[in-house]
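Only one structure is covered here, and it is reproduced in the block below.
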Amino acid sequence: MKRFLQIALTLLLIAAPASAQMTRGQLLRKYYQITQLHNSGKDAEAIALCEEITAMYPKLPDTYLRMAQIYDDGGEQELALVMYRTYASLEMDDKKLSEIKPRMKELEEKLEVKSFEEQEQEQFQQLMAETAETAPAVTITSSATSLFDLSALVASANTKEPEPEPEPVVEEEIQAVPEPEPEPEPEPEPEPEPEPVITQEIQQQAENLVQEASATEVKPDCSTPYLFSPHPDVVNELRLKRDAQYGAKVTPKRAFESKNDLIGKWASSVFSAETGREFIILDIEQMGSSLSAMINEESGLFLDKKNSMFKSSWNAVKSIWSSDGADFDATELIGSAIRGDFSEESFDFTFSLRKKDKPNVATIGRDVMDGLSLFIPFGALASRIGSTLLNYASRKISNENFQTTINFSLKSVTENVLACSYIVSERHSSADGTRDKVIEERSFHMFRVPEKYKPYTYSSNIQENALYRAMYTKLEQEAQNDPDKLFPLAYMSYYGAGIGKKADDLDRLTKAIVQMQKLADLGCIRASAWLIPVYYNLSIDEKHYPMRMQRKKFRELSDSHMSTMLMAYNPYVYGLNGDILASGNSDPEEVAAEYDKGAQQGDAYSLYCLGKAYKEGVVKTRDLEKSLDCFRQAAQKGYADAYWQIALAYKSGLGVTSDYNQYIHSLIEAIDAGSIEAIDELSVAYFWGIGVERDIDMAQQVRRSYFYVKNNIWRDVLTLYGFPSI
């Protein structure tokens, strides 16, 4: 029965992944309707509206609270308690939770079940005890046990993928079930690369490097939270001169003269942040009197994406093709040549992909249920609540067909540049009719490249070598007595540099956090600033930390480091808190107030955030002149990315007269100050020919520099801490 209840709730939580998302205003109106219906005695209709919202937003706690109150007022106490507990498992605000705890306790005593808090505490302690036995070893010793507890907490992530639930077979369909096709033989796994051999010579070299770094006069100011490493070598390598004049301009070409303008190979300006591979490469050919388009198999679209706990917890960029509802195999596009409609204004074509019968009810939303099912105490309730939710979910997913399409539209910008926009959409056909849903809309540019063009691929996997392995081991030893070594050591742990090939993402995350926490406990503001967003991201990671107590511990740690920075009168904390509030869809005025506090105290990051707020016009009223003034103040205080924003202003004439010479010189200043984004922007300048002469080869060289720096920040940190470039 309990299993049936879990499946029924799972169906509710995933019932409408294809439904259109609501705006904040629409959601508030729904809540108002629920209140009005409940006040009018129309509880069934109110519950139906709650179920509709829950199907779209299964992790939104307020809806469960409203359902609990409706059931409670109607005398259905068992259902009310289930919903109260579901709300409690999702709500992170203790103040809000305290308002319903007395009623929860009354119901628990009346129904004679163990209290929510006791049950959660027991399960949490059991989980921590089990995890502590298998948690990665942490070599840093401490008189306190907090670091050991912390390592067990981080390592308690749920990294197991749930086994798919077998779908029920309807009796009348038994005869129609075809014989299963034989499964293809699995490809042999590649042999793992051998661990690096640390010879005595390499060991001595590593010790010399550590000693050399210790002897340098470089003593980073630990009270400064910002971490930018200058990249003057990049400027020199890319043929940029600080005293030169730059003014190349793009020549527009707004219409196609003939089909020959499109024939050839085109690479996108959008690329994977992890691999460096162009997301889409198009081959356009003439077939008779028509044009055809094919997505080249070298496109980053076809590369496997690694979806690990480590990257999810750190808010890594997700592929747009994994959007909720757009469930298809991208490899089906390989070799598909599509004829399109050509005109002087545009070239349009559409790819259609395989249909799917219905969402996979066995796996979607299971991560939510793993947490919620812990707090459902009533086996006797299964049939009642299960049938209610199952019927609702069944209405949503039965008898539907899904057809995914990708619509491309190409327009001329210059002789060698196209504006590309695409729409990924799904058409749902059911007995109730046909409806369309837009999954993704995006615009970018395509650049003409040679027919023999081979896309650049950057692997973010650190190629382990013996020297860095030996350095890491030596740094661990040195860190016992020299806390300054903890900061570069934590960065090496996070990026997996020198930590060993056998260490998985969870090992790296655990080591990095424990090392940085140790340094923060010693008063390093830079370490606290690093940990605040990390702990906050983990506190909202319900997939890998389904228990509320796990996430609550991370939230407490994030808040604790905020308090530490406030007590140290470091205004950077206001910028960080503003970002956190913005990520949680807080009131724009609250977000702006935090940025204002930091800016008034001269914090460079808060000034930078305030500049972006004025530029975007969401948190603040759009004011490009104020935006540019904030960026200039932040740049004067050493915030490197502010120079990059100034460059963008000169490029597009935002708050200032467009000036390509100032655009390039601002990029040079940004790169010199350590802005990684400015290196990326420079590759765009070479692609377009803005300020500098258009040069595809140089654009690719800049892109390689960008990915090298972006994915190897730990090398910059080592340099800042006195280690010579290796």
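Any read-out appearing in this document is the output of simple, stated calculations on the displayed coordinates, not a laboratory observation. Worth saying up front: this structure is predicted, and the values here are computed from it rather than measured. Because the Cβ atoms are built from the backbone with ideal geometry, glycine has one as well, and the counts that use them run over all protein chains shown.
Distance distribution note for the range 605-706: the fraction of Cα pairs above 18 angstrom is 45%. Other residues whose C-beta falls under 13 angstrom from the C-beta of residue 535 contribute a net charge of +1, scoring Lys and Arg +1 and Asp and Glu -1.
Ordered by the number of other Cβ atoms lying within 10 Å of each residue's own Cβ, fewest first, 231, 428 fall into the sequence 428, 231.
Filter 30/110; 454/615; 249/612 down to the pairs with a C-alpha to C-alpha distance above 28 Å, please. Correct reply: 30/110; 454/615.
In the frame of its principal axes, the range 476-532 has Cα extents of 32, 25, 12 Å, reported largest first. Residues whose amide H lies under 5 Å from that of residue 336, counting only those 5 or more places away or on a different chain, are 295; hydrogens are built 1.01 Å from N in the peptide plane. Counting Lys +1, Arg +1, Asp -1, Glu -1, what net charge surrounds residue 646 among other residues with beta carbon under 15 Å of its beta carbon? So the environment of residue 646 carries a net charge of -2. Debye-formula intensities of the range 506-564, expressed as log10 I(q)/I(0) at q = 0.16, 0.26, 0.30 Å⁻¹, are -0.46, -1.08, -1.24 (one equal scatterer per alpha-carbon, no solvent). With no solvent and one equal point scatterer placed on each C-alpha of the range 235-292, evaluate the Debye formula and give log10 I(q)/I(0) for q = 0.24, 0.30 Å⁻¹, two decimals. Summing over Cα pairs of the range 235-292 leads to -1.00, -1.13.
Based only on other Cβ atoms within 10 Å, what is the fewest-to-most ordering of 414, 331?
With the sparsest Cβ surroundings first, the list reads 331, 414.
Taking 0.36 nm per residue of separation and subtracting the Cα-Cα distance, full extension of the segment from residue 208 to residue 481 would add 96.5 nm. Within the range 416-561, all pairs of alpha-carbon atoms sorted by distance into 5 Å bins from zero give the percentages 2, 8, 12, 12, 11, 10, 10, 10, 10, 8, 5, 2, 1, 0, 0.
Taking all Cα-Cα distances within the range 513-617, those exceeding 19 Å account for 46%. Sites listed here are trypsin sites (Lys or Arg not before Pro) in the range 54-93 whose DSSP assignment is loop and whose Cβ has at most 10 other Cβ atoms within 10 Å, and the list is empty. Legend: ranking of residues 209, 27 from fewest to most surrounding C-beta atoms inside 10 Å; resulting order 27, 209.
For residue 708 and residue 59, FRET efficiency with R0 = 25 Å and r from the beta-carbon atoms, rounded to 0.05? That gives a FRET efficiency of 0.10.
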